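The values are calculated or read from the model by the stated rules, or taken from the named source; none is laboratory data. Keep in mind that what you see is a predicted model, and the values were worked out from it rather than measured. Every residue, glycine as well, gets a Cβ built from its backbone with ideal geometry; the counts of neighbours run over all protein chains shown.
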Amino acid sequence: MNAPTFPQLRTMEDLKQSLMGDRVAFPPAQWIIEDLVAEGDQVAGWATFRGVHSAPWYGLEPTGNEVAVTVVCIARFDGGKIVEARYLDDLYSLLAQVRAVSTMA
């Protein structure tokens, strides 16, 4: 198995490019918002990303596997725009679903 190499996401443009790649590789690339909480200038969100691995993704050939990945994001807003974001996903689960890593039985 070849492990994918992921880029550093340092800017909003980096994030946009990464999300566009995800949409291409995992159509229909559905984001299901499970929960949102806002307080002050921050919003925390819990979401599930769903799709089918249908195109190459960071060097991994398509498997045709359906995937579902949990994602948590905490964003800080200023002037109606995101100025800071922290993002956590279950990348190991996604890699297991596209068979890029083995899972324990």
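Which residues, counting only those in region 17-55, are part of a helix (DSSP H, G or I) and among the acidic types (Asp, Glu)? Selection gives ASP22 alone.
The numbered conditions (1) of a type in the set (D, E, K, R); (2) modelled with pLDDT under 95; (3) touching a strand residue (DSSP E or B) at 6+ places or on another chain (Cβ under 9 Å) are all true for LYS81 except (3). Taking ASP14, is it assigned to a helix (DSSP H, G or I), under 14 Å from the mean Cα position of the chain (by Cα), surrounded by 15 or more Cβ atoms within 10 Å (Cβ to Cβ) and of a type in the set (D, E, K, R)? No: the conditions fail for ASP14.
Taking region 89-105 as the search range and keeping residues that are more than 13 Å from the chain's Cα centre (by Cα) and in a loop (DSSP other than H, G, I, E, B), which one is modelled with the lowest pLDDT? Give the derivation first.
Taking region 89-105 first, the residues more than 13 Å from the chain's Cα centre (by Cα) are 96-105.
Filter once more, keeping what is in a loop (DSSP other than H, G, I, E, B): 98-105.
Details: VAL98: 92, ARG99: 88, ALA100: 85, VAL101: 84, SER102: 75, THR103: 69, MET104: 64, ALA105: 56.
Per the criteria, the residue is ALA105.
The set of residues from region 58-88 being part of a loop (DSSP other than H, G, I, E, B) and either among the β-branched types (Val, Ile, Thr) or surrounded by 14 or more Cβ atoms within 10 Å (Cβ to Cβ) (or both) comprises TYR58, PRO62, THR63, ASN65.
Answer with yes or no whether LEU95 is in contact (Cβ under 8 Å) with a residue 12 or more places away in the chain and not aromatic (Phe, Trp, Tyr). Considered against the rule, which asks whether it is in contact (Cβ under 8 Å) with a residue 12 or more places away in the chain and not aromatic (Phe, Trp, Tyr), LEU95 comes out as yes. With the condition kept exactly as written, say whether any residue in region 30-46 is over 23 Å from ARG99 (Cβ atoms), free of Cβ contacts under 8 Å to residues at least 12 places away in the same chain and surrounded by 11 or more Cβ atoms within 10 Å (Cβ to Cβ). There is at least one residue in region 30-46 that is over 23 Å from ARG99 (Cβ atoms), free of Cβ contacts under 8 Å to residues at least 12 places away in the same chain and surrounded by 11 or more Cβ atoms within 10 Å (Cβ to Cβ).
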